[in-house]
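Undergrad: Following this message is one structure expressed as structure tokens.
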Amino acid sequence: MRSHTLTRVTAETQITVTVDLDGTGAYDNQTGVGFFDHMLDQLARHSLIDMTVRAQGDLHIDDHHTVEDTGIALGQALAAALGDKRGIRRYGACLLPMDDALVRTALDLSARPFLIWNVDLPTAKIGTFDTELVREFFQALSTHGGITLHVDMLHGLNSHHIAEAAFKSVARALRDAVEVDPRKADAIPSTKGAL
């Protein structure tokens, strides 16, 4: 079973995340931040990773801690579900269009976290959601999931479209990377013998 449930509790947030890497993209995400829930739904649906998120955070301050800590918990849950990463394809990439937006993602489940983020969201907010939190989420996911993650916006005019294209592009790349390679299902995908 390539699945994991993780609970993270701090003075600012209480978050429980469940992921199943061999799912169908089913989702049930409730963070109290509507736009963020919509993006998490996209992440699950297009990665085919079943995902349930329950988050209670200090939303009376702002959405920052809830979004960032969800990224931390989700990254840790993904890393735990991957285990020793035996048999995975390891790498994934996607060039994803959404109306005016075109976002390219390339990632490596390397255990060496690094984020390259070349995404310019033209507005400060999408509804009430602070657009700078999109990067904060992916920084946390990359760091705590051990993911080398490159996300580049090639085109885009509308902040909602750009953000959604980023989540979908990462999701599709993640889908490829976590899949089991039938040609090497029993091997660690590295000449080092470990990731």
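Undergrad: Return the pair list, or none, for Cβ contacts closer than 8 Å from residues in the stretch 1-28 that are without any contact (Cβ under 8 Å) to a residue 60 or more places away in the chain and closer than 21 Å to HIS64 by Cα to residues that are of a type in the set (D, E, K, R) and open to solvent by 80 Å² or more (accessible area, probe 1.4 Å), at least 6 apart or on different chains.
TA: Note: pairs meeting the criteria are ILE15/ARG54; THR16/ARG54.
Undergrad: Right, another one. Return yes when ARG112 is outside any loop (DSSP other than H, G, I, E, B) and of a type in the set (D, E, K, R) and no when it is not.
TA: Working: outside any loop (DSSP other than H, G, I, E, B): no; of a type in the set (D, E, K, R): yes.
Here the answer is no, as ARG112 does not meet what is asked.
Undergrad: Right, something else. Out of the residues in the stretch 115-132 that are part of a strand (DSSP E or B) and open to solvent by 30 Å² or more (accessible area, probe 1.4 Å), which is nearest to ALA185 (Cα to Cα)?
TA: Looking only at the stretch 115-132, we keep the residues that are part of a strand (DSSP E or B), and these are 115-118, 125-126, 129-130.
Now restrict to residues that are open to solvent by 30 Å² or more (accessible area, probe 1.4 Å): 116-118, 125, 130.
Values: ILE116: 30, TRP117: 32, ASN118: 34, LYS125: 44, ASP130: 41 Å.
Residue satisfying both the conditions and the ranking: ILE116.
Undergrad: Of the residues ARG112, ARG135, which is open to solvent by 50 Å² or more (accessible area, probe 1.4 Å), under 17 Å from GLN42 (Cα atoms) and not small (Gly, Ala, Ser)? If you could, list the steps in order and put the result at the bottom.
TA: Details: ARG112 fails: under 17 Å from GLN42 (Cα atoms).
Of ARG112, ARG135, the one residue that is open to solvent by 50 Å² or more (accessible area, probe 1.4 Å), under 17 Å from GLN42 (Cα atoms) and not small (Gly, Ala, Ser) is ARG135.
Matching residues to (1) hydrophobic (A, V, I, L, M, F, W, C); (2) closer than 28 Å to ASP100 by Cβ:
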| position | (1), (2) |
| --- | --- |
| THR131 | no, yes |
| ARG135 | no, yes |
| LEU149 | yes, yes |
| ILE162 | yes, yes |
| PRO182 | no, no |
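Undergrad: For the stretch 143-194, what are the residues that are in a loop (DSSP other than H, G, I, E, B), crowded, with 16+ Cβ neighbours inside 10 Å and either among the hydrophobic types (A, V, I, L, M, F, W, C) or under 12 Å from the mean Cα position of the chain (by Cα) (or both)?
TA: GLY146, ILE147, ILE188
Undergrad: Also, I was wondering about something else. Just checking, which of ASP69, ASP99, ASP28, ASP20 is closer than 18 Å to ARG172 by Cα and within 16 Å of the chain's Cα centre (by Cα)? So that I can check it myself, show each step before the final result.
TA: Numbers: ASP69 fails: closer than 18 Å to ARG172 by Cα; ASP99 fails: within 16 Å of the chain's Cα centre (by Cα); ASP28 fails: closer than 18 Å to ARG172 by Cα.
Criteria check complete, one pass: ASP20.
The values are calculated or read from the model by the stated rules, or taken from the named source; none is laboratory data. For clarity, every value in this text was computed on a predicted model and none was experimentally measured. Every residue, glycine as well, gets a Cβ built from its backbone with ideal geometry; the counts of neighbours run over all protein chains shown. Heads up: the accessible areas ignore ligands, DNA and RNA and are worked out on the full protein's heavy atoms, side chains in. Shrake-Rupley method; radii C 1.70, N 1.55, O 1.52, S 1.80 Å.
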